[in-house]
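One structure below.
Read the figures in this text as sums done on the coordinates, not as results from a lab. Just so it is clear, the model here is predicted, and its values are computed rather than measured. Cβ: placed from backbone, ideal geometry, glycine included. Neighbour counts: every protein chain shown.
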Amino acid sequence: MNTLFKNLMESKEFLEKKITTPPKLGFVLGSGLASFGNSIELEHSFSFSDIPHFSSATIEGHPGKLLFGKLHGVSVAVLQGRLHAYEGLEFQKVVHPLRTLKMLGVEDVVVTNAAGGLKATMKPGEFMVITDHINFTGNNPLIGENLSELGPRFVDMTEPYNKDLTKLLLQSLKAHKIRHSKGVYCGVLGPTYETASEIQMFKKLGGGAVGMSTVAEVIAANHAGLRVAGMSCITNLGTGLSKVKLTHEDVKEVAKKVEKNFSIALKDFTKRYSKKYSS
């Protein structure tokens, strides 16, 4: 048995023995956006460090917990924080938590992140629903032996962000009059913020926002047959688009200010999801 798949099985079996109901819908929460986890009817909570083969989260603003519970009648699993390659982790480690959710029964996932806006019309605190992405990380979580138990060697990426789930997310934002746009997410490796020249390049290539996460998880999710919706919290404008220098503290501060709207949107999304997909 492939070592990566063996590790996934061990993570799954550890959690399966402890949780009450298999989750159907998963959430990945980005920098400073962890408070949505407080919205669910919590049944179980685990630190990443307590789950076999999960790496510990090291970045402030990422609690590194996996929550299980219910929201609007839907069994959910919430990755309260995520892992990043710039922490020194291989991409297979970065996507291991999301793959574990698939192993536990998750069918659909909402990935979120804090990102820099690439459009002059954007304002810190608004949201961008992700319609596609460009992988600038120089890497891919599917490199190496294929996990055939999860998916095929070559993965179609025609619709990495599911149109039906994306529509539900847009409806939720519109219903609550939360400022938002649609756009392409540019995923970079980090941990340095982008130069002004890089920002201009991303803009010319059609990017709407840029960040240091998400693309690896979305690739792994598509490989495993998960349907994905994605949303960025625009915490700042890219280098050169504003006069303010970028810091992680500022990113967290802006994310904290919009946590209420963030949670409102995801709760409304789950309600709509429940009506459409729950049997």
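The table below lists the values:
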| item | result |
| --- | --- |
| Amide H within-cut-off set for His133, under 5 Å, with H built and near neighbours excluded | Tyr185 |
| Of Met9, Gly190, Ile134, farthest towards positive along the dipole that unit charges on Lys, Arg, Asp, Glu beta carbons give the chain | Ile134 |
| Inter-site label distance for Thr195 and Asp164 at 7 Å from Cα along Cβ, in nm | 4.5 nm |
| Of Lys203/Lys243; Lys70/Lys271; Lys177/Lys204; Lys163/Lys252; Lys24/Lys276, those spanning more than 21 Å from alpha-carbon to alpha-carbon | Lys177/Lys204; Lys163/Lys252 |
| Helix-only [θ]222 nm of the chain, DSSP H runs n ≥ 4, -39500 (n - 2.57) each, per residue, nearest 500 | -9500 deg cm²/dmol |
| Cβ charges +1 (Lys, Arg) and -1 (Asp, Glu), total dipole of the chain, debye | 1060 debye |
| Shape call, the range 187-279: gyration tensor on alpha carbons, a/c limit 1.5 | oblate |
| Local net charge near Ile234, Cβ-Cβ under 13 Å (Lys/Arg +1, Asp/Glu -1) | +3 |
| 13 Å beta-carbon shell around Ala114, net charge (K/R +1, D/E -1) | -2 |
| Estimated dipole of the range 111-171 in Debye, rounded to 20 [Cβ of Lys and Arg +1, of Asp and Glu -1, Cα centre] | 320 debye |
| Nearby aspartates and glutamates by direct alpha-carbon distance to Lys257 (threshold 20 angstrom, same-chain neighbours under 8 apart not counted) | Glu60, Glu126, Glu249, Asp268 |
| Global geometry of the range 1-139, whether rounded, prolate or oblate, following the gyration tensor of its Cα atoms and the 1.5 cut on a/c | oblate |
| Under the Karplus curve 6.51 cos²θ - 1.76 cosθ + 1.60, θ = phi - 60°, whole-Hz ³J(HN,Hα) for the range 74-87, x wherever Gly or Pro sits | 9, 6, 10, 10, 10, 7, 7, x, 9, 9, 10, 5, 5, 7 |
